[in-house]
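Worksheet: one structure, shown below.
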């Protein structure tokens, strides 16, 4: 488009140059003898040519502006779609996330079949972390989503997201590390309850906790399109 403008301007300049050259080479006497009507017609012809070139120039300018606006609009739309997609993946747990938080390691009490860690224990810890503002949680690298199932299987092992997990149980949570830890210790916190019955519970505050993405398929039983 810019090349087109250049060509149009070049044509206009060449046309004006040729007209000036013709005027310089024409006998002034001949011009004086031209009839008034001929002069008017000649002037009208040049005015029409100028208007045509000027119109072409304006059309090219409009096309350039339209192209710039479209390009800018497409770029902004693409950036917005990308941002929305990233946000959706973040909320759905489909991307790895990293941030301040805590890591909890639970080892079961040795030789104590009566007080083995159960799914309800892990669920209580997850709920405590959520109430404390955890933005992302995982258990043994299984990302915890809103539809995640944490269930006991015959009192022998636990399944999270349909995957079998075994002790030690490593729970990672991203959020304010002080708030997250305080939700589990003191004033009847669930970590203290597990310690009281012999389980080894270690909580570590960390500046960077990596919670991996959910790798399974997200399906809904009752929601339809």
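For the reader, a short list of remarks on this structure follows.
- Here residue 179 passes the criteria (1) in contact with a strand residue (DSSP E or B) (Cβ under 9 Å, 6 or more places away or on another chain); (2) more than 29 Å from residue 217 (Cβ to Cβ) except the one numbered (1).
- Qualifying residue in the stretch 127-139 (condition: crowded, with 17+ Cβ neighbours inside 10 Å, without any contact (Cβ under 8 Å) to a residue 40 or more places away in the chain, under 15 Å from residue 209 (Cβ atoms) and in contact with a strand residue (DSSP E or B) (Cβ under 7 Å, 6 or more places away or on another chain)): yes
- Residue check for residue 117: over 32 Å from the mean Cα position of the chain (by Cα), under 15 Å from residue 190 (Cβ atoms) and in contact (Cβ under 8 Å) with a residue 24 or more places away in the chain: yes
- Verdict on residue 146 being free of Cβ contacts under 8 Å to residues at least 40 places away in the same chain and under 24 Å from the mean Cα position of the chain (by Cα): yes
- Within the span defined as the stretch 151-169, every residue fails to be under 20 Å from residue 102 (Cβ atoms), in contact with a helix residue (DSSP H, G or I) (Cβ under 6 Å, 6 or more places away or on another chain) and at pLDDT 95 or above.
- Candidate set from the stretch 96-126 (those that are part of a loop (DSSP other than H, G, I, E, B) and surrounded by fewer than 17 Cβ atoms within 10 Å (Cβ to Cβ)); member that is modelled with the lowest pLDDT: 112
- Which listed residue is modelled with pLDDT of 95 or more and over 29 Å from the mean Cα position of the chain (by Cα), from 172, 202: 202
The values are calculated or read from the model by the stated rules, or taken from the named source; none is laboratory data. Quick caveat, the model's predicted, so the values are computed rather than measured. Virtual Cβ from ideal backbone geometry, glycine too; neighbours counted across all protein chains shown.
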